[in-house]
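Quick notes on the structure that follows.
Laboratory data are not the source of any read-out in this text; all were calculated from the coordinates shown. If you're wondering where the values come from, they're calculated on a predicted model, not measured in any experiment. Virtual Cβ from ideal backbone geometry, glycine too; neighbours counted across all protein chains shown.
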Amino acid sequence: MSVKAARRFYRVDSAHDLQFLHSCESASAENRWTFEIAWEVANKVGGIYTVIRSKASASVEELGDHYILLGPYKEHCAKQEVETFELPPGTPLAIAVQKLRNRGFKVVTGNWLVDGNPLLVLFDIGSASWNLDNYKKELFEKSGIGIPNHDAESNDSVVFGFMAAQFIAEFNYAAQQEHLALANGSPAPRIVAHFHEWLAGIGLVLLRLWGVQVATVFTTHATLLGRYLCAGNIDFYNNLDKFNIDEEAGRRQIYHRYCMERAATNLAHTFTTVSEITGLEAEHLLKRKPDVITPNGLNVKKFSALHEFQNLHAIYKEKINEFVRGHFYGHLDFDVDRTLYFFIAGRYEFGNKGADVFIEALARLNHMLKVSGSDKTIVAFLIFPAKTHNFNVETLRGQAVVKSLRDTIHDIQQKIGKRIYDVCLSGRLPDSEELLQKEDTVRLKRCIYATQRDTLPPITTHNVVDDASDPVLNSFRRCKLFNETSDRVKVIFHPEFLSSTNPLFGLDYEDFVRGCHLGVFPSYYEPWGYTPAECTVMGIPSISTNLSGFGCFMGDHIADPMSYGIYVVDRRFISLDDSLNQLAQYMFDFTRLNRRQRIIQRNRTERLSDLLDWRNLSVYYRKARQMALHAVFPEFDLDEDENGSGVGRLSYPRPISEPPSPTSSRATTPIPSDQSDEDDEVDEERELRELSVGAEERR
């Protein structure tokens, strides 16, 4: 990265924060070891899997072989993602592994086959489950936390916690013995154990109860009780200080899990959450304010040329166009080239993910487009995995009809081309009757007749199990979104994750996102929000809320998020009806952008990808580890500027090519860097003119 490029995204005084990424020698020289423990290590079961997996490359670059991941051994995942091998004998790691194996535990070591290839130590929970009763007895006697027998997930977390804690304790002892044996004046081993979520939290609790001299960090990505409360349609954020925590947890039969989570939170030397909004939640529900905010990132891979991601958008949009032509056959009364694709995706948590708000806002947008006489059509995709019987027959028929028409036209084109060639060789121009023969006309008429239908295009691609009670379909019915001819907003519910083997789209999720125009994620409960972050990295504008970690993060770090294609809906400080109007207005304003303006906006959105790169955000994890090490080893130097309130408040300047929007001021913009790189120059006056056109239209 050039000096100028670096200045575009980082503070002038923050360059030293990234120096550690260029070498892992300091961790080895200081004998610092970092263990990261999570149920999702090499185990694809949730969003934390994405966090650990994407962060591995930056962590290995910083810490090298002194960075080890601990997780459960899940054979079906390990066979695909783990390259197993035995550790070199005689090392503290190998000694600790052998100690556990001597107790009858199955321990697997190897590399995770992801970027960075981090070292893994995986524990087979089943091999230690025979000792579950003893583990639960010890946990209850030392901490007062009782685990019911019927909760299999909690039982597994107890076994996993004991196995991880025993391994770290054995490693700590072996490393100390090695240090004493060497007696060469090298630093004593300093170990950080970083635990993610309550499923791994028992290990942290045990290390503290056993008095093992290890620095501990605990990260909660979402509080247990918060997720349960929000799922119950409660005004959560305005009543955080009013909940009877114990009563609410007991009523939902998760009190023992809540105790595990709260114990890990309060026993950790450093406590972190993924966003400010989750920190506020943890302060009230877990009774501890986070020491550090550790936002989630992605392993960003930049294109060598800026226009490449725009080309990918055009390629994958055309594939979505083909699906739309088939889905709406017989009712394709709108111009596909003037159609915009919006989407929402994620776990099927109807209220938490904001699907209810999205559908209601789509109905209002439909009305706004009709009243304004807009020539734009919106196709909104809702991608939530739900129980289905099979594909909708009408949806499959539509794709078959369109394919038949396309193949027929292609065949006729080839024949016409050959006829033109033969006639021209005879020295004359062909007549129209010689080009399109009667046989061809009949074939075309048959295909055209097959594209006619009286029924409306389906609102779902699958036959949903118990569709009468499905929340998405019921919302479509309530809002009367039936894909009628007069509707300017069309809806498609796809109750299945996308993959390249999907017979309808034939696209992976990432490719589908690239082909869309806008991601809409009006979540009510979203501690971070990887879906809008992925949109940003791929240069796709998105809508989130001030109740999502992503929305708050971008609002804190960008002077004018909307000019970058980051729209943040207020779902906290205004009424629900006002939030719906705001979301509908954002979407309506987006439809009024012309193609040139959308291209400019996608360019700006893609520039923000550096904000979400783990090469930036792993700095926060480093700060958390340093604070924990300083708490256990006071002699460990703690950088002054990495302690206290400055954590999580990096200020990123506006990119050089980004002119201010009419609502922001240059007074808040840092002094720009030297414009010596011609590749970074953008015609600001032209961008301003293009954006002013849209502003005048909206007036």
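Tabulated data for the structure shown
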quantity: Angle in degrees between helix 684-698 and the longest Cα principal axis of the chain, rounded to the nearest 10; calculated: 70 degrees
quantity: Lysine-lysine proximity count for region 395-550, Cα under 26 Å, sequence distance 8 or more or distinct chains; calculated: 10
quantity: Inter-part distance where region 471-485 and region 346-411 are each reduced to a Cα centre, Å; calculated: 11 Å
quantity: Options 396, 424, 437, ranked by Cα towards positive dipole end of region 384-439, top entry (Cβ charges); calculated: 396
quantity: Coil-residue GluC sites (Glu not before Pro) of region 21-124, DSSP, other Cβ within 10 Å capped at 13; calculated: 86
quantity: Charge dipole (debye, nearest 20) of the chain; +1 at Cβ of Lys and Arg, -1 at Cβ of Asp and Glu; calculated: 1440 debye
quantity: Sparse-neighbourhood loop sites, trypsin sites (Lys or Arg not before Pro) in region 398-494 - DSSP loop, at most 15 other Cβ within 10 angstrom; calculated: 428, 453, 480
quantity: Extension reserve of the residue 448-residue 632 stretch, reckoned as 0.36 nm per residue once the Cα distance is removed; calculated: 58.6 nm
quantity: Number of Lys pairs (Cα under 17 Å; 8 or more positions apart or on different chains) in region 30-293; calculated: 6
quantity: Backbone N within region 511-526 under 20 Å of label point (7 Å from residue 332 Cα along the Cβ vector); calculated: 515-517
quantity: Assigned charges on the beta-carbon of Lys, Arg, Asp, Glu; region 400-450 dipole about Cα centre (debye); calculated: 220 debye
quantity: Where labels lie 7 Å past Cα in the beta-carbon direction, separation of residue 370 and residue 301 in nm; calculated: 4.6 nm
quantity: Residues 150, 256, sorted so that the one with the fewest Cβ neighbours within 10 Å comes first; calculated: 150, 256
quantity: Spin-label model distance (nm) - residue 180 vs residue 497, 7 Å beyond Cα toward Cβ; calculated: 4.9 nm
quantity: Extension gain (nm, one decimal) between residue 83 and residue 393, 0.36 nm per residue minus Cα-Cα; calculated: 107.3 nm
quantity: Options 548, 109, 608, ranked by Cα towards positive dipole end of the chain, top entry (Cβ charges); calculated: 548
quantity: Label-point gap, in nm, between residue 576 and residue 562 - each point 7 angstrom along Cα→Cβ; calculated: 2.5 nm
quantity: Packing-based order for 245-253, 317-325, 377-385, 200-208, using average beta carbon neighbours within 10 Å, highest first; calculated: 200-208, 377-385, 317-325, 245-253
quantity: Rel. contact order, % - alpha carbon contacts under 8 angstrom, at least six apart, the chain; calculated: 15 percent
quantity: Extension gain from residue 31 to residue 76, taking 0.36 nm per residue of separation minus the Cα-Cα distance; calculated: 12.7 nm
quantity: Charge dipole of the chain about the Cα centre (unit charges at C-beta), most positive-ward option of 290, 632, 78; calculated: 78
